[in-house]
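The values are calculated or read from the model by the stated rules, or taken from the named source; none is laboratory data. These numbers were taken from a predicted model, which means no experiment stands behind them. Quick reminder, even Gly has a Cβ in these numbers, built from the backbone with ideal geometry, and neighbours come from all protein chains shown.
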Amino acid sequence: MNPDSLIFDFDRYPYLTADLPGVGGVIRSRLEDCVVTEVPAYEPGGEGEHLYVFFEKRGLTTRQVFDHLVQVMRIPEKSIGVAGLKDKHAVTRQWLSFPARYQDRLPQIEELEGVRILETGLHKNKLGVGHLRGNRFEIVIRDVLPNALSTARSVLNELSRHGVPNYFGPQRFGLGGRNPLRGYELVTRGKGRGRPWLKKFLIGSLQSLLFNDWLALRLERGIYGRVVRGDIAKKHATRGEFLVEDPEAENPRAAALEISATGPLHGRKYFETQHEAREIEDEVLRRYELARENFRARKGARRPIRFPLEDAGLEEVEGGLRLSFFLPKGAYATSLLREVMKRNPESDAGEPDPAE
């Protein structure tokens, strides 16, 4: 097994729309070229012990805002809640929560340059990681190729029909894409040293690389938009999962983007595939001389092979295109952008993409 194969490289994965050209270009030329707005799973109920704050930040990480609440506003770290982390090189709008007894300190949030409060409300529970439906994006691609508008429209039409490949983006793999290599050493050589959260992150990076390889393999074999015997399929409307026993009966639903196959994030407890679907997963594991048993320290989960393209918009702006769209939580903007651009969007951007 070649260790270099464990280093993430977005360019090695196939495109769904490989037969269509891309617009080229670059993203993040300016801070305002990337606007991300969190779509919450629920709104503040109007009463309760927790104050929810919807705020805008510019040129800051979510962690910097979090640290301001702890160090300047003197709010206990464990009592602060966020649904997800947002990128620094963007204008982002998201929710956070803290105990309502600190409400008199609320104006101090805006003492951090680049932060603006947009809305507040009370709720009964602390905001938790993953408590969001997804994110809305407005991204400007600059320095595009000629005929970029029609080119991008053709790509988006294909993605609307077949769904967007749900690859994990560069954010998941660390600087230089080397985190899966470190995760591999942990699962094959024992526990090793280091903080538990870091080990979890590194092994998660390896799980993500294996998922990307599984997705790529199904694309290459023409079974991206279909289910096979033994698949665990997800219903996009309800998020329910079920075992596919009769692919012929289920594939009309897959063609209509009602259901999709799911890939493994290997662990000790997750819905396991059978038959043909399991063999595809095992083929990826064998590439790296791995087995499911290597991941018993992790809980495990399943991830859809694709996600529907929702609320997509496209317009020409001076020097490029503005692309708007909604992503469900867990999806990466780069997965969509690379199809439109036909290149790794982050190769010149210098920062990982904003995603949850």
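Residue by residue, here is whether (1) within 17 Å of residue 279 (Cα to Cα); (2) not aromatic (Phe, Trp, Tyr); (3) not assigned by TED's automatic domain parsing to the domain that holds residue 286 holds:
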residue: 212; (1), (2), (3): yes, yes, no
residue: 215; (1), (2), (3): yes, yes, no
residue: 223; (1), (2), (3): yes, yes, no
residue: 231; (1), (2), (3): yes, yes, no
residue: 239; (1), (2), (3): no, yes, no
residue: 242; (1), (2), (3): no, no, no
residue: 245; (1), (2), (3): yes, yes, no
residue: 249; (1), (2), (3): no, yes, no
residue: 262; (1), (2), (3): yes, yes, no
Just one listed residue, out of 107, 146, is over 22 Å from residue 29 (Cβ atoms) and either part of a loop (DSSP other than H, G, I, E, B) or not hydrophobic (A, V, I, L, M, F, W, C) (or both), and it is 107
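Listed here are the residues, each with its yes/no results for (1) out of contact with any strand residue (DSSP E or B) (no Cβ under 7 Å at 6 or more places or on another chain); (2) surrounded by fewer than 19 Cβ atoms within 10 Å (Cβ to Cβ); (3) closer than 16 Å to residue 12 by Cβ.
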{"position": "178", "(1), (2), (3)": "yes, yes, yes"}
{"position": "182", "(1), (2), (3)": "yes, no, no"}
{"position": "187", "(1), (2), (3)": "yes, no, no"}
{"position": "200", "(1), (2), (3)": "yes, yes, no"}
{"position": "203", "(1), (2), (3)": "yes, no, no"}
{"position": "210", "(1), (2), (3)": "yes, no, yes"}
{"position": "214", "(1), (2), (3)": "no, no, yes"}
Filtered residue count, the stretch 216-266, keeping only those that are within 25 Å of residue 204 (Cβ to Cβ), among the hydrophobic types (A, V, I, L, M, F, W, C) and buried (at least 23 other Cβ atoms within 10 Å of the Cβ): 2
Going residue by residue through the stretch 279-296, is there one that turns out to be surrounded by fewer than 19 Cβ atoms within 10 Å (Cβ to Cβ), assigned to a strand (DSSP E or B) and free of Cβ contacts under 8 Å to residues at least 24 places away in the same chain? no
Taking the stretch 71-104 and keeping residues in a helix (DSSP H, G or I) and surrounded by 15 or more Cβ atoms within 10 Å (Cβ to Cβ) leaves 79, 100, 102
Criterion violated by residue 18 - all others in (1) surrounded by 14 or more Cβ atoms within 10 Å (Cβ to Cβ); (2) of a type in the set (A, V, I, L, M); (3) free of Cβ contacts under 8 Å to residues at least 60 places away in the same chain satisfied: (1)
In this structure, does residue 56 turn out to be in contact with an Asp or Glu (Cβ under 9 Å, 6 or more places away or on another chain), under 21 Å from residue 328 (Cα atoms) and of a type in the set (Asp, Glu)? no
